[in-house]
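Novice: Got a structure for you, questions after.
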Amino acid sequence: MDDEPDILDLARITLESGGYDVVTAASGEEALQLIIRDKPDLALLDVVLPGLSGLELCRRLKRDPTTYSPIKVVLFTALGTEVDMMLEKRDKADGYLAKPFTSNSLLGLVGRLFGDTRREG
Amino acid sequence: MQRKRIEAALKRSEAEKTSILNSMRDAVSLKDRHYNFLWGNSALSNMLGRPLSEIIGQKCYVLTYNRETPCDTCTIESVYKTGIGMKRVQQLLDGSLQEIWTEPIRTEMGEITSFIEISRDITDIVRYENRLEALHEHAIKLASAKNIKEISDTSLEVMSTIFNFRFMSFLEVQESFLVGIGSIGAPLAEFKLPLDGEKGITVKAANTRKTIKINDLRKDPDYVKGSTESLSELAVPVLVDGQTVAILNTESDKLNAFSEQDQKLLEILASHVASAITRLRGETHLTESEAKYRNLFNGVNDAVFIHGVDGRFLEVNDVACQRLGYSREELLKLRFVDIDSQTDPELLSNRRKALKKIGRLTFETVHISKSGELIDTEINARIVEFENTQAVQTTCRDIRERKRMEKELTALHGVATKLAFIRNLNEVWDITLDTLDRILGKHWTNISVVHEGYLKHVKGVGLSPPPRFQDLPLNGPGIIVRAVKNGKTQLVSDVRADPDYMPSFTVDNKAFPTLSELAVPVTVNGKIYAVINIESKSINGFTAEDQRLMEILAGHVGEAIGRIWFIDELMIEEEQLATLHSFTNRLAEAPTFDEAAGVAADSIKTLLNTTNGSLSFVENGALHHRYVYGVELHEEYVQPLDGLGITVRAAVTGEPQLVPDIREDRSYQLPEGVSIATRSELAVPVKLDGRIVAVINAESPIVGAYTRQDQRVLEILSMYLGSAFARIRDNESKERYRDRLEALHKLVLQLDTAQTTTQTATIARNMIQSLSGSEDARLTLVEGEELVAVVVPGINTTITRLPLNGGGVTVKAAKEKRTVYVEDTENDPNFVKGSIDALSELVVPLMISDQVVGVLNIESTRKSAFTPDDIKLAETLALHVSSTLERLRLDSERIETQIKLQRKEYEAEQAKKLEGMKTRFISTATHEIRTPLTSIKGYTELIRAELDARNIDTSRRYFAVVERNVDRLVLLTNELLDTQRIEEGRLTLSITTFEAREILIDLIAEMTSLLTRRNQALEISKKLEGKVRGDRNRLMQVLINLVANASKFSPEGSQIRLSVERRGGDVLFSVRDTGVGLTKEDIPKLFKPFPGIHTEGNPEGTGLGLSICKGIVELHGGRIWAESEGRGKGSTFSFTTPEVKS
């Protein structure tokens, strides 16, 4: 999820190239609907968004694991490193990715979260 | 602490009491109003058979008496109601009989707080009668004894079975030895003691011919340890013709094992034994030779008759003739029945039969003399052969004395019991005289007591009219005086032969014709207190038996008096303590010194029953007798502490002074012109915080009026008084401090009105004077290196300047930054005299945040005038004065300082704000840069992969994304640059004048492609015809920004309106859309960099556009604003530029 269409596309293309099925959302509210509907294994969320931010969404997903299935959350952000560190302490995301990112860093992180098992599937 | 000391004092008195109590034979106990034991003596513990610890606190009747007997509670109730002591007899659980006397103890106010009870065991007295009866039955056995061994055996049997002795022996005098004949309970093998030996209780009894009773053998020098370990012993001599022939002896492994009853009974047994031995001797002699017979027959003390079977006398001895008053011839004509008062034929016949059967008989009867006198007689009869015929020989002993003794002794027991419960000395004397009159007959019987070197007559009976008695000096002659001096009974059979005799009284002015006299001393607590004296008009008026009876009576009397004294003392103690406690309770509540002192004076008067005394205070090296009673003093009596006086000594030494006779104490002093016949004095110091602050004293005209108990009472009182003083002082000073602090706080308000240092000093001075009276105060202020006095109008100040490097207490306080207190200025080398003749001074530095700005001096004309409270108050005042001085100093500088301060604060705040803004700006800018960079980086990576796969179309598409983001990045960096320029004021405008229309044409050209893409129309509603002055490109930039925003935030196909018009002196540009609109909260943020307003579908703004627009517009001298009616209701952005007039 990202409100920047270019970045949203970039992430989708990259993940699809890694063999994952990807749905995209341009806002937090849309992302939440998709998560409820499609029950994805992982959500890649931009931290700073108008409305329901990635950070808030992450918190909501992690607080109620039964409703939202055991979903893994990766937050990505273009904010500074220090801010990222602060965020890491406050929520329970499974991984963090700083913008700009490379396809390797994105796929590597996602792969690690799935223990490489989904890499081939 | 205080309580512990009082308890210790009470305990000490308790210990003394207990030691006296424990020496008493009677059980003594103190019981509270509910009849619980409070304390008791060891006799009580013995009586109840359990330790005192198990007795104290227990209900009395539960422990001691039959519970079903409500007697105790009845007695207590009755005593409680009537307030009069009572006596009762009660049987204890162990069966013993107790005669119990209960006396109430009252406070001064008459309230009964407790009871004293004395229990005397009368079991023995009651048993005595029974035992006496049994003894007589056995006496018959004694009379039939054939030899000394049988006498010994019978005696021992009696001692064992009737008296219940455990160890006993029968010793016979054989030549010059005491030889053991028989014993029970202890072996007596080879017992032989020389009579001329110095030791042995039995030897002593044999030689003195008197009973010896030892209650504690361990203390007796005469005791010779036998085969058993004995602790007490009783030895009674058996006397025949005044000589000791045998000893009855008994010992016990207990202390005090033998009672008086035991002694008396054993003595009676001894008299029976004496009869038996006499008879045995007579018989022995009879059988010896006829020649000796007559001599011996006549040689005994007993009357001997020999009569035939018909009862006619065949022979009588001289004693028989004398006793009955007949001549031998007359008697020989009579028969046995003629002299016997017994006439009962059956009894006489039984006697005859018994005699015939056993051959001997012992019985008691009463003989009648010729003159009709009745003679108690003990008869031993036996069948003998007289002149070849069977005859009866009767040995008749005159037992009148013994009978009388027995009777009197029994009577005396009754008297003793009576005496035990008498509380009044007079009554004791009455009973004594009454008893003597009854048992010794009509004589002049009288009692004298030892008093201050004299024997003083108390009372007497037997003479009418009563004689006049003369007091006898103890160092003079007189038989009763001798009784006191020797401590022994004086039996004078003929006073004419006694050189000491002097007639001591007269009847009808004539000396009483005394011929014989018996004087027995009465010993109380080991000291001779009185003499019981009896005088007769005949020679030999008194016998040894009389003496014995009187001695026994004197013993009882002495004991009774001792008990009365002791109980009196005990009662006084208890009453004193009870009263003391009522006073101490009052002391504990006394609110003022005066009241406490009044209570103390009252209590001395009441507790010590004294008329003169005082409560005096130690002040300024002297003792001020402030509360004096019993004497009228016109002015306060003051004694210097270094002078004489018993109270002074108590004040100086801190020790209680108990002076029994002030004539022997040289330091006694009286105020001039006052004469009090004081003989004894008691003075006890009162301490407060360990210092002697007062002395309480009592004086009495009687020598030795005060006891140690009185001293203790006063000591306890003094402790309570001390703590009352401490309490009152603390309360008063607390209250006073509170009041003064309150007053200070009110006065401090005046300081707020002070406008100058002089006013401040004046106000401070007035405050100090109104708070503490006579003191003066000065204020000095630090000026450079000097302390300069603030001159108060109307007050002379001798010191005006004090160098800070000089001496003096003021400088000292300033330099050391602490309060200096000079208690006595005359003794302080640092002191420099100020405005008044100060004797004490308080110097308080005035501080403002650790800097001394001045000094406050408070002076007093008294020594040690300042209390710790005063110091606290002075320091509080100093705080207020310093802050007033500080206020005055600051008043001038204040405004300037405040402005400076505010500006500084403002600048600091601004800088802080700016710093925060910058940080946020950089952070946001970074974010904004990273976003296109992410795309550029990501897509170039994708492009490389696509190119490798030769996917040209995909590559081209991705390339477009990169281009777009590069453009965005360029725009962003331009805008960042513009923002920075605007922020730093570096943006420069190239101002020209141009037609407004031109700019609109350019705008439409610029925006057409964007608007076409979004199918939006730009409608220019008002066209200004005229010229605009400004930077054409920059104004264009503003318009493009506004229209692009309008387009971006409006739906596709909507219309955007642009108007340019003249408004006032300005040109107004407005861009109106029908888009998302703005909230009220959004509007103020709009024109700041990165306002962070995100709305749905708001893509790719840099967040800097509007802030740059604002900068540009403002550089042109115009302003920019936005309006909206709310979300979804569209918005209008407007700005102005100054118009150029053509």
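Novice: To check you understand DSSP bridge types, tell me what percent of the beta bridges within the protein assembly as shown (both residues inside) are antiparallel, rounded to 5. Please list the in-between numbers first.
Specialist: Numbers: 194 of 208 bridges.
Here the antiparallel bridges make up roughly 95 percent for the protein assembly as shown.
Novice: Tell me, what is the FRET efficiency for residue B:1062 and residue A:96 to the nearest 0.05, using R0 = 56 angstrom and their Cβ-Cβ distance as r? Walk me through the intermediate numbers first.
Specialist: On the way: r = 57 Å, r/R0 = 1.01.
Step by step, r from the Cβ atoms, then E = 0.50.
Novice: Name the lysines eligible as straight-distance cross-link partners of residue B:510: C-alpha to C-alpha under 21 Å, and not fewer than 8 places from it in the same chain.
Specialist: B:442, B:456, B:459, B:537
Novice: So, one more: Using the Kirkwood radius over C-alpha pairs as Rh, can you work out the diffusion coefficient of segment B:658-718 via Stokes-Einstein at 25 °C, viscosity 0.890 mPa s, in µm² per second? Could the numbers behind the result be given before it?
Specialist: Numbers: Rh = 12.4 Å.
Taking Rh from Cα pairs, D becomes 198 µm²/s.
Novice: Mind putting a number on the dipole of the protein assembly as shown about its Cα centre? Charges go on the C-beta only, +1 for Lys and Arg and -1 for Asp and Glu, and I need it in Debye to the nearest 20. Intermediate values should be presented prior to the final figure.
Specialist: Numbers: 159 positive and 184 negative charges, 429 e Å.
For the protein assembly as shown, the charge dipole is close to 2060 debye.
Novice: With point charges of +1 on the Cβ of Lys and Arg and -1 on the Cβ of Asp and Glu, referenced to the Cα centre of chain B, which listed residue (B:379, B:466, B:999) lies farthest in the positive direction of the dipole?
Specialist: Comparing the listed Cα positions along the dipole, B:999 ranks first.
Novice: Rounded to the nearest 500, what is chain B's calculated 222 nm mean residue ellipticity when only DSSP H runs of at least 4 contribute -39500 (n - 2.57) each, over all residues? Provide the component values of the computation, followed by the final result.
Specialist: Working: 29 runs with 506 residues, N = 1142.
One gets -15000 deg cm²/dmol as the mean residue ellipticity at 222 nm.
Novice: Could you work out the local net charge near residue B:1084, counting Lys and Arg as +1, Asp and Glu as -1, over the other residues with Cβ closer than 13 Å to its Cβ? Write down the numbers at each step before the final one.
Specialist: On the way: positive: B:1080, B:1085, B:1088, B:1110; negative: B:1081, B:1082, B:1123.
Overall, the nearby charge balance is +1.
Novice: Now, a different point. Roughly how crowded by other chains is peptide B:928-941, in terms of the mean Cβ count from those chains within 10 Å of each of its Cβ atoms? Walk me through the numbers before you get to the answer.
Specialist: Details: counts 1, 2, 7, 10, 5, 3, 12, 9, 3, 6, 13, 5, 0, 8.
Mean inter-chain Cβ contacts per residue within 10 Å come to 6.
Novice: Let me ask something else about it. Would you mind checking the tilt of helix B:345-358 against the longest principal axis of the Cα atoms of chain B, expressed as 0 to 90 degrees and rounded to 10?
Specialist: Computed tilt is about 90 degrees.
Novice: Would you kindly work out the equivalent ellipsoid of the protein assembly as shown from its C-alpha gyration tensor and give its semi-axes, the square roots of five times the eigenvalues, largest first in whole Å? Each step should come with its number before you reach the end.
Specialist: Details: eigenvalues 3640, 509, 108 Å².
Semi-axes, largest first: 135, 50, 23 Å.
Novice: Starting from the alpha-carbon convex hull of chain B, give the projected area averaged over all orientations, in nm².
Specialist: Details: hull surface 398.8 nm².
About 99.7 nm², averaged over all directions.
Novice: Count the net charge of all other residues whose Cβ sits under 10 Å from the Cβ of residue B:1019, scoring Lys and Arg as +1 and Asp and Glu as -1. Mind showing how you got there, number by number?
Specialist: Numbers: positive: B:1057, B:1072; negative: none.
Once all neighbours under 10 Å are counted, the net charge is +2.
Novice: Compute the helix-to-body angle for B:996-1013: its Cα long axis versus the longest principal axis of chain B, expressed 0 to 90° and rounded to tens.
Specialist: That works out to roughly 70 degrees.
Novice: Name the long-range amide H neighbours of residue B:854: under 5 Å, sequence gap of 5 or more, or other chain; modelled H, no Pro or chain starts.
Specialist: B:782, B:846
Novice: Could you give each residue of segment B:613-619 its phi-based ³J(HN,Hα) in whole Hz, using Karplus coefficients 6.51, -1.76, 1.60 with θ = phi - 60°, and x for Gly or Pro?
Specialist: x, 7, 10, 10, 10, 8, 9
Novice: Say each of residue B:1088 and residue B:867 gets a label point 7 Å from the Cα, pointing the same way as Cα to Cβ; how far apart are those two points in nm?
Specialist: The modelled label-to-label distance comes out at 6.5 nm.
Novice: Mark the label point 7 Å from the Cα of residue B:386 along Cα→Cβ and return the residues of segment B:314-349 whose backbone N is within less than 15 Å of it.
Specialist: The answer is B:314-321, B:328-340.
Novice: Long-range amide H contacts for residue A:97: which residues qualify at under 5 Å (H placed 1.01 Å from N, peptide plane, sequence gap of 5 or more or a different chain)?
Specialist: It is A:75, A:76, A:77, by chain and number.
Novice: Report the one residue of B:34, B:782, B:507 whose Cα lies farthest in the direction of the positive end of the charge dipole of the protein assembly as shown (charges on C-beta: Lys and Arg +1, Asp and Glu -1; origin at the Cα centre).
Specialist: B:782
Novice: Projecting each Cα onto the charge dipole of chain B (Lys/Arg +1, Asp/Glu -1 at the beta carbon, about the Cα centre), which of B:147, B:648, B:231 comes out farthest on the positive side?
Specialist: The Cα lying farthest towards the positive end belongs to B:648.
Novice: Rounding to the nearest 10 and keeping the result within 0 to 90°, find how far the Cα-based axis of helix B:71-82 lies from the longest principal axis of chain B.
Specialist: Orientation of helix B:71-82: about 80 degrees from the principal axis.
Novice: Please report, in Å, the Rg and the Dmax of segment B:423-525, where both are computed over Cα atoms only.
Specialist: For segment B:423-525, the Cα radius of gyration and maximum Cα-Cα distance read 13.3, 41 Å.
Novice: Which entries in the list B:213/B:403; B:485/B:527; A:99/B:937 go over 18 Å, if you measure between the two C-alpha atoms of each? Mind showing how you got there, number by number?
Specialist: On the way: B:213/B:403 23 Å; B:485/B:527 11 Å; A:99/B:937 10 Å.
The answer is B:213/B:403.
Novice: Turning to a different aspect of this structure: Once amide H atoms are placed 1.01 Å from N in the peptide plane, what residues at a sequence separation of 5 or more from residue B:1028, or on another chain, have their amide H within under 5 Å of its amide H?
Specialist: Hits under the 5 Å cutoff: B:994, B:995, B:996.
Novice: Taking each residue of A:1-9 in turn, how many C-beta atoms of other protein chains fall within 10 Å of its C-beta, and what is the average?
Specialist: Numbers: counts 0, 2, 7, 7, 4, 15, 8, 1, 7.
Counting Cβ atoms of other protein chains within 10 Å of each residue's Cβ and averaging gives 6.
Novice: Rounded to the nearest 20 debye, what is the charge dipole size of segment B:651-696 about its Cα centre when +1 sits on each Lys and Arg Cβ and -1 on each Asp and Glu Cβ?
Specialist: Values: 5 positive and 7 negative charges, 13 e Å.
Dipole about the Cα centre, nearest 20: 60 debye.
Novice: Counting other C-beta atoms within 10 Å, which of A:58, B:321 has the fewest, and how do the rest follow? Could the numbers behind the result be given before it?
Specialist: Details: A:58 24, B:321 19.
Lowest to highest Cβ neighbour count: B:321, A:58.
Novice: According to the square roots a ≥ b ≥ c of the eigenvalues of the Cα gyration tensor, what is the shape class of segment B:406-449, taking rounded for a/c under 1.5, prolate for a/b larger than b/c otherwise, and oblate for the remainder? Before the final figure, lay out each step's value.
Specialist: On the way: a/c = 2.90, a/b = 1.06, b/c = 2.73.
Note, shape of segment B:406-449 comes out oblate.
Novice: Can you give the net charge of the other residues whose Cβ lies under 13 Å from the Cβ of residue B:347, counting K and R as +1 and D and E as -1?
Specialist: Details: positive: B:351, B:352, B:353; negative: B:340, B:344, B:346, B:364.
Surrounding charge for residue B:347 is -1.
Novice: Next question, about the same structure. So for the pair residue B:195, residue B:54, with labels modelled 7 Å out along Cα→Cβ, what separation do we get in nm?
Specialist: 5.1
Here, each number is a calculation from the coordinates, and none is a lab measurement. Just so it is clear, the structure is predicted and the values come from calculations on it, not from any experiment. Using ideal geometry, Cβ is built from the backbone for each residue, glycine included, and neighbour counts are taken over all protein chains shown.
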